[in-house]
Ligand code: URP
Ligand code: ZN
Ligand code: ZN
């Protein structure tokens, strides 16, 4: 069999197991996996001594988002270039209706942001910000290829907040139309109260940006997760908790899953590698995001959730603000633009802290970064795994070669990084998107605007009738594979 491209002699991670061998690509699609594939007339990508893993799906990003009085600094050009350099081949953003606008307006607006700029494939979760006016538009959006919706339990001042009536009603609708509701779960009124109590000149002088984590104790997230899980249980509507940051949240999700509630949880890599000690730093305000990074105990509990299965997905919640934008706080923590850059470092951080530090195996990492996100978001088997028939979306990473995180050498528009100076393995030496090399020798070589919108017909755990098994996400216990085992496997 002839191929357009052969990825040669890599340590290839597939759903059927990991093997050292080749991947044959015809056009945009994987057409063969095997040993010594025919390279006659084919472009050969040498992967010897490298891991070849499925392209990463970052299913939680905010590119060019108007938020906190400014606009997030990575757009579809810089954001998707940053992603590609970190082995990301698909992003899912959140399309938010303009004031007084419909769900269709939100999709149209975000389509325009991506069009002509995206280097990799993309789609959007559709945000419901005015449930009463927008509820009858949900079916039409599903028919248009958008199967995931989002509601925020906070952000009243942005005009995005949903109340319990909206959450309950939307979950009922999700059940009816086989779609999934993503929820930002934090307890709005308690958060408002804690912020108001601390918003005094004396306390701001005394504590500075430390007031950000101080006014966001764990119960703010924990109570909200409990409440929305209850509505999922009552309605049977598919629920997905975004950016879960607390151990208590993980406990609630685990218990709910055990009694059959259709709830899935995502954490973000910052909650696995950072803790609230960052606020002791002089530049601690840079780290303000929402929800806030929590304690070392939460970090360990979330890793446990990744291993045991209650955490199904690791994403980034990329919402980049430059130093200048972060400086808008001017001593008042309530004015810090909340969010962190992340697309470029998702895979390197998960690989280094997860795989090389022995917390999860290489295969488990691929499940959390690629296969589960693709299945849950209705993009499997086209995306999310190295198998015949799938899009040839691949990341080729060296097992041990580390690069020092340095914003000036990165694709993101951020002029700082939460991980500046960290030595991380797992940056993509080569990234392929639908068979095309878009990162070569750690540098972006792909053309902006080549990324495509991905229509979907399903989401969540229910699955499509044609592929019930494919939709089952992996939740089983994971087997840690240590660095020396990987070294042995790659050298064998
Ligand atoms: O700090 C964050 N996460 N900013 C983006 C908005 C959100 O809540 O995801
Ligand atoms: Zn959020
Ligand atoms: Zn977000």
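Checked against the criterion of being in contact with a helix residue (DSSP H, G or I) (Cβ under 6 Å, 6 or more places away or on another chain) and either farther than 17 Å from residue 318 by Cα or surrounded by 24 or more Cβ atoms within 10 Å (Cβ to Cβ) (or both), the candidates 383, 375 yield just one match: 383.
When residue 371 is tested against (1) closer than 17 Å to residue 16 by Cβ; (2) part of a loop (DSSP other than H, G, I, E, B); (3) in contact with a strand residue (DSSP E or B) (Cβ under 8 Å, 6 or more places away or on another chain), exactly one condition is not met: (2). Selection within the stretch 142-166: residues that are under 22 Å from the mean Cα position of the chain (by Cα) and away from ligand 1 (no atom under 16 Å from the Cβ). The member of this set that is farthest from residue 186 (Cα to Cα) is 145. Would you mind stating whether residue 362 is buried (at least 20 other Cβ atoms within 10 Å of the Cβ), touching a strand residue (DSSP E or B) at 6+ places or on another chain (Cβ under 8 Å) and within 24 Å of residue 447 (Cα to Cα)? Answer is no for this residue. Annotation: of all residues in the stretch 96-141 being surrounded by fewer than 17 Cβ atoms within 10 Å (Cβ to Cβ), in contact (Cβ under 8 Å) with a residue 40 or more places away in the chain and in a loop (DSSP other than H, G, I, E, B), the one that is nearest to the chain's Cα centre (by Cα) is 115.
The set of residues in the stretch 74-100 being out of contact with any helix residue (DSSP H, G or I) (no Cβ under 7 Å at 6 or more places or on another chain) and within 16 Å of ligand 2 (Cβ to nearest atom) consists of 92, 94. Restricting attention to the stretch 1-53, the residues that are more than 14 Å from residue 430 (Cβ to Cβ), more than 28 Å from the chain's Cα centre (by Cα) and not in a strand (DSSP E or B) total 12.
Among 344, 310, which is the only one that is more than 13 Å from ligand 1 (Cβ to nearest atom), closer than 25 Å to residue 95 by Cβ, in contact (Cβ under 8 Å) with a residue 60 or more places away in the chain and surrounded by 24 or more Cβ atoms within 10 Å (Cβ to Cβ)?
344
For the stretch 54-73, the tally of residues that are away from ligand 2 (no atom under 16 Å from the Cβ), more than 27 Å from residue 368 (Cβ to Cβ) and in a strand (DSSP E or B) stands at 2.
Here residue 183 fulfils each of the conditions (1) surrounded by 16 or more Cβ atoms within 10 Å (Cβ to Cβ); (2) within 24 Å of residue 315 (Cβ to Cβ); (3) out of contact with any strand residue (DSSP E or B) (no Cβ under 9 Å at 6 or more places or on another chain) apart from (3).
If you go through the stretch 238-297 and keep only what is within 15 Å of ligand 3 (Cβ to nearest atom) and part of a strand (DSSP E or B), you end up with 240, 241, 265, 266, 267, 268. Give the residue that is farthest from ligand 2 (Cβ to nearest atom), with candidates limited to residues of the stretch 272-302 that are in contact with a helix residue (DSSP H, G or I) (Cβ under 6 Å, 6 or more places away or on another chain) and more than 23 Å from residue 211 (Cα to Cα). Among residues in the stretch 272-302 that are in contact with a helix residue (DSSP H, G or I) (Cβ under 6 Å, 6 or more places away or on another chain) and more than 23 Å from residue 211 (Cα to Cα), the one farthest from ligand 2 (Cβ to nearest atom) is 301.
Against the definition (outside any helix (DSSP H, G or I) and either in contact (Cβ under 8 Å) with a residue 40 or more places away in the chain or at positive phi (or both)), how does residue 211 come out, yes or no? Judged against the criteria, residue 211 is not a match. When the residues of the stretch 430-465 are filtered to those that are within 28 Å of residue 49 (Cα to Cα) and under 21 Å from the mean Cα position of the chain (by Cα), the one that is surrounded by the most Cβ atoms within 10 Å (Cβ to Cβ) is 431.
Filtering the stretch 304-338 to residues that are over 20 Å from residue 273 (Cα atoms), in contact with a strand residue (DSSP E or B) (Cβ under 8 Å, 6 or more places away or on another chain) and away from ligand 3 (no atom under 16 Å from the Cβ) leaves 325, 328. Of all the numbered requirements in (1) within 13 Å of ligand 1 (Cβ to nearest atom); (2) assigned to a helix (DSSP H, G or I), residue 300 misses one, and that requirement is (1).
Residue by residue, here is whether (1) away from ligand 3 (no atom under 16 Å from the Cβ); (2) within 23 Å of residue 58 (Cα to Cα) holds:
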| site | (1), (2) |
| --- | --- |
| 99 | yes, no |
| 102 | yes, no |
| 107 | yes, yes |
| 111 | yes, yes |
| 117 | yes, yes |
| 121 | yes, yes |
| 127 | no, yes |
| 138 | yes, no |
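Throughout, read-outs are computed from the coordinates displayed, never taken from laboratory work. Everything quoted here is computed from the prediction, not taken from an experiment. Heads up, the Cβs are rebuilt from the backbone with ideal geometry, glycines too, and the neighbour counts pull from every protein chain shown.
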